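The structure appears below as structure tokens.
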Amino acid sequence: MGQYILEGREVTRAPFEEWAVWFEHCRKRIVEQTVVGARLVSTVFLGIDHRFPGMGEGAPLLFETMVFDGPGAGSDALFQARWSTYADAEAGHAYTVALVGSGAPLVWPDDAGADA
């Protein structure tokens, strides 16, 4: 695990003190948010590696897409997937928006690469 900062689309590992200052003042962690019917699809930069022990080897999981039942704060998440890169997060967001819009079950195919 570790902490990371986001500058534009570039992710850099950072010492804790630098990350804490960046995270406190950063206002650009949202990759994209889309309302689809009554649901909100939100993709954000987490800033901390979410590849926890037991999840196997791989690149840090630094971005997260979630689907909420309604755009209001406090809604329970219906779906979650995590990504390693900004490009993967954008693609995962677009795929999730299409999935929600189609009315299909919120389940990723095995080869989609999501750590849902």
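How many residues, within segment 20-32, are surrounded by 13 or more Cβ atoms within 10 Å (Cβ to Cβ) and part of a strand (DSSP E or B)?
The qualifying residues number 2.
What is the number of the single condition among (1) loosely packed, with under 13 Cβ neighbours inside 10 Å; (2) touching a Phe, Trp or Tyr at 6+ places or on another chain (Cβ under 7 Å); (3) outside any strand (DSSP E or B) that residue 12 does not meet?
Of (1) loosely packed, with under 13 Cβ neighbours inside 10 Å; (2) touching a Phe, Trp or Tyr at 6+ places or on another chain (Cβ under 7 Å); (3) outside any strand (DSSP E or B), only one is false for residue 12: (3).
Is there any pair with a first residue in segment 21-37 that is touching a residue at least 12 places away in the same chain (Cβ under 8 Å) and within 20 Å of residue 11 (Cβ to Cβ) and a second that is of a type in the set (A, V, I, L, M, F, W, C) and not in a strand (DSSP E or B) whose Cβ atoms are under 6 Å apart and which are 6 or more apart or on different chains, and what are they?
Sorted first by the residue in segment 21-37, then by its partner, the pairs are 31/89.
More than 13 Å from the chain's Cα centre (by Cα), of a type in the set (Phe, Trp, Tyr) and at pLDDT below 95, is that true of residue 79? Break it down stepwise before answering.
Details: more than 13 Å from the chain's Cα centre (by Cα): no; of a type in the set (Phe, Trp, Tyr): yes; at pLDDT below 95: yes.
In short, no.
Which residue out of 63, 45 is within 10 Å of the chain's Cα centre (by Cα), over 22 Å from residue 107 (Cβ atoms) and buried (at least 18 other Cβ atoms within 10 Å of the Cβ)?
On the way: 63 fails: over 22 Å from residue 107 (Cβ atoms).
Result of the check over 63, 45: 45.
Test of understanding: among 90, 17, which residue is assigned to a helix (DSSP H, G or I) and free of Cβ contacts under 8 Å to residues at least 12 places away in the same chain?
Values: 90 fails: free of Cβ contacts under 8 Å to residues at least 12 places away in the same chain.
When all the criteria are applied, what remains is 17.
For segment 101-109, does any single residue satisfy the condition of being at pLDDT 90 or above and either touching a Ser or Thr at 6+ places or on another chain (Cβ under 7 Å) or acidic (Asp, Glu) (or both)?
no
Between 95, 86, which is hydroxyl-bearing (Ser, Thr, Tyr) and either exposed (fewer than 15 other Cβ atoms within 10 Å of the Cβ) or at pLDDT 95 or above (or both)?
Values: 95 fails: either exposed (fewer than 15 other Cβ atoms within 10 Å of the Cβ) or at pLDDT 95 or above (or both).
Of the residues listed, the single one that is hydroxyl-bearing (Ser, Thr, Tyr) and either exposed (fewer than 15 other Cβ atoms within 10 Å of the Cβ) or at pLDDT 95 or above (or both) is 86.
Any residue that is more than 16 Å from residue 79 (Cα to Cα), among the acidic types (Asp, Glu) and in a loop (DSSP other than H, G, I, E, B) - is there at least one of those in segment 43-60?
yes
The values are calculated or read from the model by the stated rules, or taken from the named source; none is laboratory data. Here the structure is a predicted model, which means the values were calculated and not measured. Reconstructed Cβ throughout: ideal geometry from the backbone, glycine too, with neighbour counts over all protein chains shown.
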